[in-house]
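A.B. asks: Below is a structure I'd like to ask you about.
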Amino acid sequence: MNSQLLDQLGFKLGANGLPYEVPIHPNLVHLTLGLFIIAILFDIAGTLFPLEKPILKYFALTALRSGFFDVGWYNLLAASVITFFTVAAGFFEILLAQPPANVKSAWGLGAGPTMILHGLGGVFLLAAIITMTLWRGLQRYSWRKNSRVQVHWSYLVVGIVIMVLMYVHGTLGLHLGGQFGIHNTAAELVQQGKNPNLLLK
């Protein structure tokens with residue numbers, strides 16, 4: 001992003017190359033991941049409830065099958081909302097990135113291709129989470145509203161596949177921060193052969 005434009009917008013970049021001390025995108029990413037994973041796991045738990053019932057009874061835990069599905073639905077709904085902000089923050093921070101040249105990730109990719117793949121992956125995952133939320137809502141309120149099991153197995157399988165894709169996508173993000181030092185001041189200083197403990201006090 002043009003430095004003149006940044007000045008006009010009133011942004012003053014810090015040591016991490018951002019107008020704020022802590023990158024927003026990585027924090028929102030973990031919220032997205034947590035909400036989505038909990039949503040799918042609780043829907044799996046609700047689907048397998050007859051198998052879990054004796055275990056819950058043994059530990060004197062009172063749980064209703066519908067409660068598992070409620071947790072699954074509301075966590076997925078929250079994930080679909082927060083992911084808009086996750087992706088928006090990611091694109092803003094990627095515009096301010098100054099990727100290093102001649103550095104390769106553990107996967108043999110340069111910073112530029114890694115940023116492009118991570119950005120495209122973020123848009124894909126946003127679309128996937130929104131689609132899953134619509135699919136889940138139709139099951140909850142229309143297709144399976146009178147069924148004890150709110151979700152179909154195909155929905156759960158797709159959810160597990162998306163979690164695997166999230167792992168791959170998250171690893172690309174990890175490479176950006178850890179191996180390329182993008183918006184990670186400490187990692188960048190280490191790459192330059194400097195001691196972050198002395199310079200970041």
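Read-outs throughout are calculated quantities, based only on the coordinates presented, and are distinct from any laboratory measurement. In this text the structure is predicted, and so the values were computed from the model without any measurement. We place every Cβ from the backbone using ideal geometry, glycine too, and count neighbours over all the protein chains shown.
A.B. asks: For Cα pairs less than 8 Å apart in space and 6+ apart in sequence, what is the mean separation divided by the residue count of the stretch 13-199, i.e. the relative contact order in percent?
C.D. replies: Computed over the stretch 13-199, the figure is 26 percent.
A.B. asks: Can you pull out the chymotrypsin sites (Phe, Trp or Tyr not before Pro) in the stretch 57-115 whose DSSP state is coil and whose Cβ has at most 11 other Cβ atoms within 10 Å?
C.D. replies: Sparse-neighbourhood loop chymotrypsin sites (Phe, Trp or Tyr not before Pro): 59.
A.B. asks: Something else about it: So, counting K/R as plus one and D/E as minus one, what does the shell of residues with Cβ under 15 Å around residue 152 add up to?
C.D. replies: Computed value for this residue: +4.
A.B. asks: Would you mind calculating the relative contact order of the stretch 64-171 from Cα pairs under 8 angstrom and at least 6 residues apart, reporting the percent as a whole number?
C.D. replies: This gives 29 percent for the stretch 64-171.
A.B. asks: Starting from the stretch 141-181, pick out the trypsin sites (Lys or Arg not before Pro) whose DSSP state is loop and whose Cβ has at most 11 other Cβ atoms within 10 Å.
C.D. replies: Counting only loop positions with at most 11 other Cβ atoms within 10 Å, the trypsin sites (Lys or Arg not before Pro) in the stretch 141-181 are 145.
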